[in-house]
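K.L.:
Here it is, the structure, as structure tokens.
The values are calculated or read from the model by the stated rules, or taken from the named source; none is laboratory data. Quantities reported herein were computed from a predicted structural model and do not represent experimental measurements. Here the Cβ is made from the backbone with ideal geometry for all residues, glycine too, and neighbour counts use every protein chain on show. Surface areas here come from the heavy atoms of the whole protein model, side chains and all, with no ligands, DNA or RNA. Shrake-Rupley method; radii C 1.70, N 1.55, O 1.52, S 1.80 Å.
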Amino acid sequence: MRKLLFAALVAFSACAPKIVPAPVVTAPKFPEYTQPAVPPSLSGGVAALLQSRGWQFFQNGDLRTAEREFSAAVKSSPEFYPAEISLGYLELARKDAAAALPHFDRALELVPQHDDVAALMGRGQSLLALNRESDALAAFSAALAADPSLTDLGRRVEVLKFRNAEQGLARARDAARAGRLDEAAQAYIAAIVSSPDSPFLYRELAAVERRKGDLDAALEHFRKAAALDPTDARSVQQIGEILEGRGDLEGAEKAYTDSLSIEPNADVEKRVDALRAGAALARLPAEYRAIDEAPQLTRADLAALIGIRLPALLQGARRNGDAALITDVRNNWAATWIVAVARAGIMEPFANHAFQPRTVVRRVDLAQAVARLLARVEAQNPGRGKSWQSARLKFSDLSPSHLAYPAASIAVAAGVLKTGDNDAFQPSKVVTGAEAIDAIEKVGALAGAR
């Protein structure tokens, strides 16, 4: 059979120069190149003999003769892909990766499953020489999948994956810093393909998507980051922020709480407090929520502010039996808090047992309530109110003999209320909702409640 093939080779080369015997290769010139395997279906023809001779010349360093042999093999049998692979390696040996790549691509087109190891290896080496590392990694990975026993190639693939991810990450971060968000997102996605179990890649991709306004994708990738890294408090916090922005306050609070369980964070604690306060406020009557914008405060408003914001100062206070006899608050929205402040003696009903919840509050009325609250602060924290209790301030419009003077002096001395021009207390001035809230918050601060 060998003699018949050789005779065919002689006949095929009749017009060519005299046939040169193939050299015996003892030390391959290019051991880094994988010799193409000839499948049984292609092994019985002239092309296979030409291929074998060409590879011997190639590994002996005779590139010109090798090229002639490989080209003759392709000419004799265009479907003989091992010769195309060999021509690709020959171009690589000449340092011409651009010329080599088409040969490997043609060979892979001819391979039924497109999985010839030598062709894939050559394609990867060509792409690597052309600085197309991502494509080279894909080719090497395909070769490794076709032959998992190639341990050296496996190590090379891992190194390339690392380098590819590192370079892709640098490109992604540069694009994100420059505001090229679409480019950054694509670079992060490519990096994730190379390293799908790296939580920080998902976290940084999600941050870019959040900047783009693609909140569904951002939420998905923050959750993926947190699933891969249970210690990733930052991603869990970001999930909370997105949910809060969408109005999912319950989900946001859970995310923030989960984040705090991983790592303490003062900013997240503030967010949780604000969410809980907001949820509590939402459960309160609409009349209460409108107090901060009210142009004038009513007695019901003031009672609610005190009862809701300073409940600790009402505990243990003297019990006013007249509170149970109040006759005009049964159907009032603030009835619960009116009764509470009345029983504590902070705000008292009038002589006819009417609380008059709709009556407007003036500064003299607010001062009276504030002074009684400050007395409760002093009772619970002995010595704290010594300075304001002993103060005797001068007001241009309120004499020391006025019944409201002691309360006004205490409220101003404690820093809860302020005077106007020329030290005027303005006792009859109507109090706004915002002013009342400010005063109650200051009492709370003095009591250590806020």
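K.L.:
Within region 194-251, take every residue that is touching a His at 6+ places or on another chain (Cβ under 8 Å) and not charged (D, E, K, R) and give me the one that is farthest from Arg163 (Cα to Cα).
P.N.:
Ala206
K.L.:
Further question: All but one of (1) small (Gly, Ala, Ser); (2) open to solvent by 40 Å² or more (accessible area, probe 1.4 Å); (3) within 21 Å of Pro295 (Cα to Cα); (4) without any contact (Cβ under 8 Å) to a residue 60 or more places away in the chain hold for Ser428, so report the exception by its number.
P.N.:
Going through (1) small (Gly, Ala, Ser); (2) open to solvent by 40 Å² or more (accessible area, probe 1.4 Å); (3) within 21 Å of Pro295 (Cα to Cα); (4) without any contact (Cβ under 8 Å) to a residue 60 or more places away in the chain one by one, Ser428 breaks only (4).
K.L.:
Report, by residue number, each residue of region 248-271 that is surrounded by fewer than 17 Cβ atoms within 10 Å (Cβ to Cβ) and either aromatic (Phe, Trp, Tyr) or in contact with a Phe, Trp or Tyr (Cβ under 7 Å, 6 or more places away or on another chain) (or both).
P.N.:
Answer for region 248-271, where residues must be surrounded by fewer than 17 Cβ atoms within 10 Å (Cβ to Cβ) and either aromatic (Phe, Trp, Tyr) or in contact with a Phe, Trp or Tyr (Cβ under 7 Å, 6 or more places away or on another chain) (or both): there is none.
K.L.:
Next up: Out of (1) within 12 Å of Leu90 (Cα to Cα); (2) part of a loop (DSSP other than H, G, I, E, B); (3) open to solvent by 50 Å² or more (accessible area, probe 1.4 Å), the odd one out for Ala37 is which?
P.N.:
If we test Ala37 against (1) within 12 Å of Leu90 (Cα to Cα); (2) part of a loop (DSSP other than H, G, I, E, B); (3) open to solvent by 50 Å² or more (accessible area, probe 1.4 Å), just (1) comes out false.
K.L.:
Which of the numbered conditions does Ala404 fail, given that it passes all the others? Conditions: (1) among the small types (Gly, Ala, Ser); (2) exposed (fewer than 15 other Cβ atoms within 10 Å of the Cβ); (3) over 54 Å from the mean Cα position of the chain (by Cα).
P.N.:
Condition not satisfied by Ala404: (2).
K.L.:
Continuing with this model, one more query. Mind checking which residues of region 273-305 are buried (at least 17 other Cβ atoms within 10 Å of the Cβ) and in a helix (DSSP H, G or I)?
P.N.:
Within region 273-305, Leu275, Tyr288, Ile291, Arg299, Ala300, Asp301, Leu302, Ala303, Ala304, Leu305 meet the criteria.
K.L.:
Still on this structure, I have one more. Identify all residues within region 306-345 that are part of a loop (DSSP other than H, G, I, E, B), farther than 22 Å from Ala447 by Cα and either at pLDDT 95 or above or open to solvent by less than 60 Å² (accessible area, probe 1.4 Å) (or both); write none if there are none.
P.N.:
Passing the criteria: Asn320, Ile326, Asp328, Val329, Asn332, Ala334.
K.L.:
Still on this structure, I have one more. Buried (at least 18 other Cβ atoms within 10 Å of the Cβ) and part of a loop (DSSP other than H, G, I, E, B) - does that describe any residue in region 365-380?
P.N.:
no
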